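Structure first, then comments.
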Amino acid sequence: MKKIVLSLLGVGLLATLVDADVFEMDPAHTEVAFAVRHMGISIVRGTFNEFGGSLEYQPDDMQVVGGSITIQVASVDTRIARRDADLRSPRFLDAKTYPTITFLSTRVEKRDGEYKLYGDLTIRGITHEVAFDSEVFGPVVMDEEGHSRLGFQGVATIDRRDWGLLFDEKVFGGEAAVGNEVTIRITTEGAVDQLHRGAYQ
């Protein structure tokens with residue numbers, strides 16, 4: 001399982017990952033989801049069920065200061081097998097040629113008490129910067145196995161055409177069968193063994 005490492009800058013300044021705790025994304029408590037408008041009248045939602053990643057958390061600031069994720073395109077799941085096969089095909093994500101989607105963070109900015117996580121999103125071999133509205137759910141808690149746990153959510157909206165997803169079929173009346181804007185939501189619970197705290201010192 002591949003990992004994505006999100007490396008952030010704090011409040012517009014280069015941040016050094018000192019005393020950062022590395023939280024591995026727990027697959028049992030993580031959802032990588034997307035939503036796109038269908039025919040202008042409804043929203044199709046789906047998930048990717050295979051992925052791996054981590055978050056880097058700065059206890060002093062109580063903020064995620066880094067992380068990464070790699071998503072297996074073939075694991076796309078909209079609960080309709082025929083639609084999933086279409087999404088895997090060259091018409092859309094082309095899973096055979098481009099088996100993974102990745103995000104690698106580059107900086108974090110704080111404005112009016114809210115954090116945005118910026119980074120490089122790669123889909124179909126094309127990379128563009130995106131900004132995730134990020135939120136940390138905490139404080140860090142300890143589970144029964146001695147692992148520290150942290151909650152995180154990142155939400156971003158992209159224009160699929162920027163990544164070569166150019167499907168442009170129209171339905172009766174000229175409405176787009178598939179909307180151009182796609183909302184991506186990553187909700188995760190990360191865990192770290194206390195023995196590996198401060199691994200990035």
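The values are calculated or read from the model by the stated rules, or taken from the named source; none is laboratory data. For clarity, every value in this text was computed on a predicted model and none was experimentally measured. Neighbour counts are summed over all protein chains in view; Cβ atoms, including those assigned to glycine, are modelled from backbone coordinates with ideal geometry.
Within the range 127-171, if we keep just the residues that are outside any strand (DSSP E or B) and surrounded by 16 or more Cβ atoms within 10 Å (Cβ to Cβ), the residue that is farthest from the chain's Cα centre (by Cα) turns out to be L165. Scanning the range 140-172 for residues that are free of Cβ contacts under 8 Å to residues at least 40 places away in the same chain, in contact with a Lys or Arg (Cβ under 9 Å, 6 or more places away or on another chain) and of a type in the set (G, A, S) returns G154, A156. Taking every residue in the range 128-139 that is among the polar types (S, T, N, Q) and pairing it with any residue that is surrounded by 16 or more Cβ atoms within 10 Å (Cβ to Cβ), at least 6 positions away or on another chain, the pairs with Cβ-Cβ distances below 6 Å are S134/Y115; S134/L117; S134/G154. For the range 86-103, the criterion of being within 22 Å of G46 (Cα to Cα), among the small types (G, A, S), at pLDDT 90 or above and not in a loop (DSSP other than H, G, I, E, B) is met by none of the residues.
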